[in-house]
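Down below is the structure, laid out as structure tokens.
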Amino acid sequence: MYKHLEGVTILEDSGAYAENISSILTIIICTVGIALNALNLVIATRRPSKGSLHVYLITLSIVDGLYLICVLPSRAFRCGNGCQTRPTFSAQIYEKFVYLPIANTLVVIDAYVTCIWAIHRLTYIHKPRIITNHSSIPVKAIALATIFSAAVHVPYFLKWEVNGNHLERTQFTLSNSDLYYTTFLMVVTRALPILTLFITNILLLSNIKQALRRRKQLTFQPSAQVRGQEILACVEIYAALYNNSKMR
């Protein structure tokens, strides 16, 4: 496997081998994930329920499935060329002009949809009439989050340009505008969703704890649904941190 006589070092060969394994595992995970999200979408659309939770589950299945579809070609490009550690020109074109803008947009949509769901649950606790009387609120909020997420990632298409057989950074990337844009993007796509999820779920946990104290005074045991809400709130905080790690 190691070709010392041709000047190929163990480190370089090990890097190519690791890239090979990583690409194959990514393709397998993405394929399975796409199939499961498609199955979840089919099941969700066939159910008669049309509540807000139903809307969020369908949205997350679509967004997560599209994200995996974006990731799949980026690894297939490399695996199709012997799993090279350095991406080919075609892979670079796909990464800069398709994968990064669209995949990051989908990650932000995922984060904001989770935020909308957390706010929706918190609002239902304090003012249930607002939720029950306006069933179209989740759809409108998700649509606005999608438009906003797509709009803030438009400058991604301005960062690179094709010059012959290679990519070059544009003047936008080399100017202070890119620095301002990156800072803005960090705030609205990472800090804001994480802060929103953290605050809403802390408030939700606080309301659940107060409800449990009142139930104990009435000698009632907390239901499994209440415990599930606590676990879901903690999972959403973790999901926000995980979505933050997927951003590039």
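The values are calculated or read from the model by the stated rules, or taken from the named source; none is laboratory data. Please read these numbers as outputs of a predicted model, since none were measured by experiment. As a convention, Cβ positions derive from the backbone with ideal geometry for all residues, glycine included, and neighbour counts pool all protein chains shown.
Data overview
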| quantity | calculated |
| --- | --- |
| Positions within the range 130-161 being among the polar types (S, T, N, Q), modelled with pLDDT under 85 and surrounded by 11 or more Cβ atoms within 10 Å (Cβ to Cβ), in sequence order | 135 |
| Long-range neighbours under 9 Å by Cβ, at least six apart or interchain, first residue within 14 Å of residue 70 (Cα to Cα) and not assigned by TED's automatic domain parsing to the domain that holds residue 59 within the range 21-40, second among the aromatic types (Phe, Trp, Tyr) and surrounded by 13 or more Cβ atoms within 10 Å (Cβ to Cβ) | none |
| Residue match in the range 1-22 (condition: modelled with pLDDT of 75 or more and under 24 Å from residue 93 (Cβ atoms)) | yes |
| Residue in the range 162-173 that is polar (S, T, N, Q) and surrounded by 15 or more Cβ atoms within 10 Å (Cβ to Cβ) present | yes |
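Residues are listed down the side, and each one gets a yes or a no for (1) modelled with pLDDT under 85; (2) surrounded by 11 or more Cβ atoms within 10 Å (Cβ to Cβ):
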| site | (1), (2) |
| --- | --- |
| 181 | no, yes |
| 184 | no, yes |
| 196 | no, yes |
| 213 | yes, no |
| 222 | yes, yes |
| 226 | yes, yes |
